[in-house]
Amino acid sequence: MTEMYSSIEQEIAQLEKQIAEKRAALGPAEQKETEIPKEFHAVFVDDEGPIREMAGLMLRGIFSSVKVCPTPQEVLAYFRKVDRPSEEKQPNVLITDLRMPGMTGLELAKAVKSEFPSTSIVLTTSGLDESIDLKKAGIDIYLEKPYQRVQLQELPEKIRQKLQTSSNSS
């Protein structure tokens, strides 16, 4: 019986070695494909309390973890680990309202993307000014308010698709 386990352990070790060798042999574009996260840890910011509470409740059932913030400044502190417990994962998704006092969602998106470029950013607002260049602002997905639960449920798949598209075009 122990011989059988020893044989299985040897096979596992050989397979792990082969996997490591294949990963090492991948080119940069192929390696990016493996960087698409399996879990999404989101930060949601909206200055309107009722929207923040409702969206926070809905998002908690969709993402692996959700931090809900009332201000862009709190979001930046959380991303920078100033206001984040050490056991919580680094966020990889930001869902932000466009119009907020002190800092707009576009300004927040630019700040987050400059420090955390792999973060996927979702912009929410009612009535987007057509002169805004979402791509230039670092916005990956635009979500029109009022949004429905089903639109929020689709976000992880949309984020994966965007990441896959960008890794294939690199």
Legend entry - Kirkwood hydrodynamic radius of segment 85-135, from inverse mean 1/r over distinct Cα pairs, in Å: 12.1 Å
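Residues of segment 124-170: accessible area per residue at 1.4 Å, in Å²?
Values: 2990 Å² over 47 residues.
Here the per-residue accessible area is 64 Å².
Relative to the compact-globule scaling 2.2 N^0.38 Å, provide the ratio for the alpha-carbon radius of gyration of segment 34-121. If you can, show how the numbers build up before the last one.
Details: Rg = 12.2 Å, N = 88, 2.2 N^0.38 = 12.1 Å.
That ratio works out to 1.01.
Assuming 0.36 nm per residue, please report the length gained on full extension of the stretch Leu57 to Lys162 beyond their Cα-Cα distance. Intermediate values should be presented prior to the final figure.
On the way: separation 105, 0.36 × 105 = 37.80 nm, distance 2.48 nm.
Between Leu57 and Lys162, full extension yields 35.3 nm more.
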Inset, instruction - Take the alpha carbon gyration tensor of segment 50-170, find the square roots of its eigenvalues, order them as a ≥ b ≥ c, and report rounded if a/c is under 1.5; if not, report prolate when a/b exceeds b/c, else oblate. - result: rounded
Inset, instruction - Can you grab the distance from the C-alpha centre of segment 87-109 to the C-alpha centre of segment 140-170, Å, no decimals? - result: 16 Å
Legend entry - Sorted peptide list for 146-157, 60-71, 40-51, criterion being average Cβ within 10 angstrom, highest first: 40-51, 60-71, 146-157
Legend entry - Inter-label distance, nm, simple model (7 Å from Cα along the C-beta direction), Glu115/Arg80: 0.4 nm
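The values are calculated or read from the model by the stated rules, or taken from the named source; none is laboratory data. The shown structure was predicted, so the numbers you read here are calculated from the model rather than taken from an experiment. No Cβ is skipped: glycine too gets one built from the backbone with ideal geometry, and neighbour counts run over all protein chains shown. Surface accessibility is based on the protein's heavy atoms, side chains included, excluding ligands, DNA and RNA. Shrake-Rupley method; radii C 1.70, N 1.55, O 1.52, S 1.80 Å.
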